[in-house]
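> Encoded as structure tokens, here's the structure I'll be asking about.
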Amino acid sequence: MAQIINAQEIIQKEQEYVLQTYPRLPFVLTEGKDGYLFDSEGNQYLDFGSGIAVTALGHGDEEVVKTIQQQVQTLSHVSNLYHTAPHAELAEKLCQLSFADKVFFSNSGAEAVEASLKFARKYAQVKSGEGKTKLVAFSEGFHGRTFGALSITAREKYQAPFRPLVPGSEIVPYNDIAAAQQAIDASTCAVVVEVVQGEGGVNLATHQFLQSLRAVCTQHAALMIVDEIQTGFGRTGKLWAYQHYDIQPDIMTLAKAMGGGLPIGATLMTNAVAEAIVAGDHGSTFGGGPVAASAALVVLHRTQDARMLKHVTEMGAYLHHELEVLEIPQVVEIRSLGLMVGVELNTEASPFYQKAHEYGILILTAGPNVIRLFPPLTITKAQIDEFIQGFKKLFMGKTI
């Protein structure tokens, strides 16, 4: 018999005992299946946020669940002092399916970014000596809330309460080739860039920008770090978003969709970078643990499949088209790559986010005036049609 949950009691406990860093919506989720979530009152929501790009295979995917159950029953944790099969096999497949030669496992996107910054600083020190420490990142980018990641996340409201941050970071305008070329010099150890900026508003890099960035990084022996925490694992219609642009990064950061709902992150790198890192330079008690790594193997296998990537491309194009033909007056522009969609408004997005559940849909925001849509990669045409009806009613202000 299912547990009876008193939603108001749970919300009251959360407000009393949980640090209030998130303004949560006023219902309690209890179950998820495929593209849907259900609350304690039995209401159903079509989930176009996917836990912020995490549940790429939908909720309760049978293969992911079965794999997790089997691994927990066999071996759940031993730390990185010992060998286990899942993390070695996951590392092998990540390298085989990308530019990389080596992988460092962690538990989140911010941790993956922190590792990348440490590795870049160590690489520069080994290869070039002291003084090559500058980090270059871009406006509207988001890389996490830990000190290193926050230092390259140019958001005043996030940075201001925590200064001084890690020194040596410079922020330049996104997609501005000239500004990047001026900022990146002999003192730069790394350049950190999102191929598509998720939190920044689903802003797509231009082909010329990333090509030029790769060239100037090579010119100044600076590492190119590509942050694919939101774009990785098929979200854009290719396994990795950098593959749309014919570039090869030196380091790539991953997380979110990677664990099928379990926390896991990864920092991928070339052998040139890995050779600068020695035992003791970095660590993680839980990183690459057997349960999360086993789930990640399933996610990687499924999202690298050509049929899945074709489906993402087709459904992304269909969603983009159906949003455009709605001709909602508040919509300024729709930006997308695969199933990563940004709907820019001429007004604040937050009120729509806060009311969307009343229309049977869950959405995200990205900045003050962009609605962000991250449906599961398994989304169907019928579910997109269902979402479009709810989205239309949301903007028309009609109740279901």
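> Which condition number does Thr55 fail, the rest of (1) within 30 Å of Ala272 (Cα to Cα); (2) among the hydroxyl-bearing types (Ser, Thr, Tyr); (3) not assigned by TED's automatic domain parsing to the domain that holds Met224 being met?
Condition not satisfied by Thr55: (1).
> Taking the range 115-147 on its own, how many of its residues are crowded, with 16+ Cβ neighbours inside 10 Å, of a type in the set (Val, Ile, Thr) and assigned to a helix (DSSP H, G or I)?
Residues flagged as crowded, with 16+ Cβ neighbours inside 10 Å, of a type in the set (Val, Ile, Thr) and assigned to a helix (DSSP H, G or I) within the range 115-147 amount to 0.
> Can you confirm whether Leu46 is closer than 20 Å to Pro263 by Cα and assigned to a strand (DSSP E or B)?
For Leu46, the condition - closer than 20 Å to Pro263 by Cα and assigned to a strand (DSSP E or B) - is not met.
> Right, something else. Scan the range 258-292 for residues that are under 30 Å from Ala124 (Cβ atoms), touching a residue at least 40 places away in the same chain (Cβ under 8 Å) and among the hydrophobic types (A, V, I, L, M, F, W, C) and report the count.
Of the residues in the range 258-292, 11 are under 30 Å from Ala124 (Cβ atoms), touching a residue at least 40 places away in the same chain (Cβ under 8 Å) and among the hydrophobic types (A, V, I, L, M, F, W, C).
> Can you say whether Phe104 is outside any helix (DSSP H, G or I), in contact with a Ser or Thr (Cβ under 6 Å, 6 or more places away or on another chain) and not basic (Lys, Arg), as far as the supplied structure shows?
yes
> Let me ask something additional. So if I check each of Gln70, Gln15, which one is surrounded by fewer than 16 Cβ atoms within 10 Å (Cβ to Cβ) and either within 30 Å of Ile225 (Cβ to Cβ) or in the same structural domain as Lys381 (by TED's automatic domain parsing) (or both)? Explain how you work it out, then say what you get.
Numbers: Gln70 fails: either within 30 Å of Ile225 (Cβ to Cβ) or in the same structural domain as Lys381 (by TED's automatic domain parsing) (or both).
Among Gln70, Gln15, only Gln15 is surrounded by fewer than 16 Cβ atoms within 10 Å (Cβ to Cβ) and either within 30 Å of Ile225 (Cβ to Cβ) or in the same structural domain as Lys381 (by TED's automatic domain parsing) (or both).
> Considering each of His87, His77 in turn, give the residue that is outside any helix (DSSP H, G or I), more than 30 Å from Ala356 (Cβ to Cβ) and touching a Gly at 6+ places or on another chain (Cβ under 6 Å).
His77
> Considering only the range 165-257, give the strands (runs of 3 or more DSSP E) lying wholly within it that have at least 1 residues that are in the same structural domain as Lys127 (by TED's automatic domain parsing), over 30 Å from Thr347 (Cβ atoms) and in contact (Cβ under 8 Å) with a residue 60 or more places away in the chain.
Numbers: elements: 169-172, 188-194, 223-227, 251-254.
The qualifying strands (runs of 3 or more DSSP E) are 188-194, 223-227, 251-254.
> Just checking, which of Ala272, Ala279, Ala295 is buried (at least 18 other Cβ atoms within 10 Å of the Cβ), at pLDDT 95 or above and not β-branched (Val, Ile, Thr)? Explain how you work it out, then say what you get.
Values: Ala272 fails: buried (at least 18 other Cβ atoms within 10 Å of the Cβ); Ala279 fails: buried (at least 18 other Cβ atoms within 10 Å of the Cβ).
Exactly one of Ala272, Ala279, Ala295 is buried (at least 18 other Cβ atoms within 10 Å of the Cβ), at pLDDT 95 or above and not β-branched (Val, Ile, Thr), namely Ala295.
> Does Ala85 fit the bill of being in contact (Cβ under 8 Å) with a residue 40 or more places away in the chain and in contact with a strand residue (DSSP E or B) (Cβ under 9 Å, 6 or more places away or on another chain)? Full working, then the answer.
Working: in contact (Cβ under 8 Å) with a residue 40 or more places away in the chain: yes; in contact with a strand residue (DSSP E or B) (Cβ under 9 Å, 6 or more places away or on another chain): no.
Spelling it out, it is not the case that Ala85 is in contact (Cβ under 8 Å) with a residue 40 or more places away in the chain and in contact with a strand residue (DSSP E or B) (Cβ under 9 Å, 6 or more places away or on another chain).
> Could you list all residues from the range 208-239 that are among the aromatic types (Phe, Trp, Tyr) and surrounded by 24 or more Cβ atoms within 10 Å (Cβ to Cβ)? Walk me through how you get there before you give the answer.
Going residue by residue through the range 208-239, those that are among the aromatic types (Phe, Trp, Tyr) are 209, 233.
Listed by number, the list holds a single entry, Phe233.
The values are calculated or read from the model by the stated rules, or taken from the named source; none is laboratory data. All figures in this text were calculated on a predicted structure; none of them were measured in a lab. A quick note on method: Cβ atoms are made from the backbone with ideal geometry, for glycine too, and the neighbour counts reach across all protein chains shown.
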